[in-house]
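To keep things clear, I will list the structure first and then write my remarks on it.
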Amino acid sequence: FVADFRELSPELRARLQQSVEKALLSRRLSPLASDVALTLLPSSARKLGDCLHELSCQVDLAKQVEADAILHVRSAVDKGALRLQVGLIDTAVEQEAASDEVRLETLAAEPAATGLLGLVRRVYEVGSARSRAELSITCQPSDAELVIDGRVLPACRYQRAAFAGEHLIRAQKPGFTP
């Protein structure tokens with residue numbers, strides 16, 4: 001998991017970290033913080049630590065340690081209130097499967113930990129329940145640009161996991177009708 005609790009006191013940071021771990025353990029999952037995951041890699045692959053603010057690097061790291069998902073946990077303090085955000089990234093799909101947030105009118109450790117515990121459980125439950133399918137696309141002409149759900153892909157050949165459901169798919173090339 002990736003946690004960003006920079007604005008919080010060390011005590012609150014530690015309590016929230018424990019809350020995330022408790023929520024994951026209650027689902028029989030093994031929490032593995034990104035900094036710990038980096039130590040499991042060969043030294044040649046540790047360069048991922050320089051780009052962990054990017055989703056692609058987080059997914060690469062998760063795949064190398066055989067993690068099925070990445071849990072993003074963020075906090076922000078605004079006028080004495082604490083906002084907690086949680087997102088679950090499916091590493092096979094490489095997209096967010098679920099996210100949610102809660103605003104607490106206190107910075108006290110126990111209410112924050114309890115709020116985060118419930119938030120992590122909800123996001124994990126919703127995100128892990130999303131169905132996946134294999135999406136396979138080829139284009140004619142083969143050098144057309146492929147756009148899936150607004151994401152431009154470098155080649156017009158695509159085969160990978162996708163969330164089941166509707167997707168907006170467009171192949172485009174100057175001089176051709178999309």
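On the principal axes of its alpha carbon atoms, the range 47-178 extends 60, 31, 30 Å, with the longest extent given first.
For a straight C-alpha distance cut-off of 14 angstrom, the aspartates and glutamates reachable from residue 173 (same-chain residues fewer than eight places away being disregarded) are 143, 145. The residue list 81, 164, 148 was ranked by how far each Cα lies along the charge dipole of the chain toward its positive end, using unit charges on Cβ atoms, and 164 comes out on top. Listed by chain and number, the lysines whose C-alpha is less than 27 Å from the C-alpha of residue 47, apart from same-chain residues fewer than 8 away, are 63. Residue 162 sits among other residues whose Cβ lies under 14 Å from its own Cβ, and their net charge, with Lys and Arg +1 and Asp and Glu -1, is -2. Charge dipole (Cα centre; +1 on Lys/Arg Cβ, -1 on Asp/Glu Cβ; no other charges) of the range 35-178 amounts to roughly 160 debye.
What longest region of the chain stays clear of GluC sites (Glu not before Pro) that DSSP places outside H, G, I, E and B and that have at most 11 other Cβ atoms within 10 Å?
106-165
Rounded to the nearest 500, what is the chain's calculated 222 nm mean residue ellipticity when only DSSP H runs of at least 4 contribute -39500 (n - 2.57) each, over all residues? Walk me through the intermediate numbers first.
On the way: 4 runs with 53 residues, N = 178.
Taken over the chain, the calculation gives -9500 deg cm²/dmol.
The order of 138, 177 by accessible area, most exposed first and with a 1.4 Å probe, is 177, 138.
Shown are 107, 135, whose ranking by accessible area with a 1.4 Å probe and every protein chain present, most to least, is 107, 135.
State the percentage of accessible surface on the chain attributable to carbon and sulfur atoms; use a 1.4 Å probe and exclude ligands, DNA and RNA. Answer for the chain is 49 percent, counting heavy atoms of protein chains only.
The values are calculated or read from the model by the stated rules, or taken from the named source; none is laboratory data. Treat the numbers as computed from the prediction; the structure is a model and nothing was measured. Using ideal geometry, Cβ is built from the backbone for each residue, glycine included, and neighbour counts are taken over all protein chains shown. Side chains included, ligands, DNA and RNA excluded: accessible areas come from the protein's heavy atoms. Shrake-Rupley method; radii C 1.70, N 1.55, O 1.52, S 1.80 Å.
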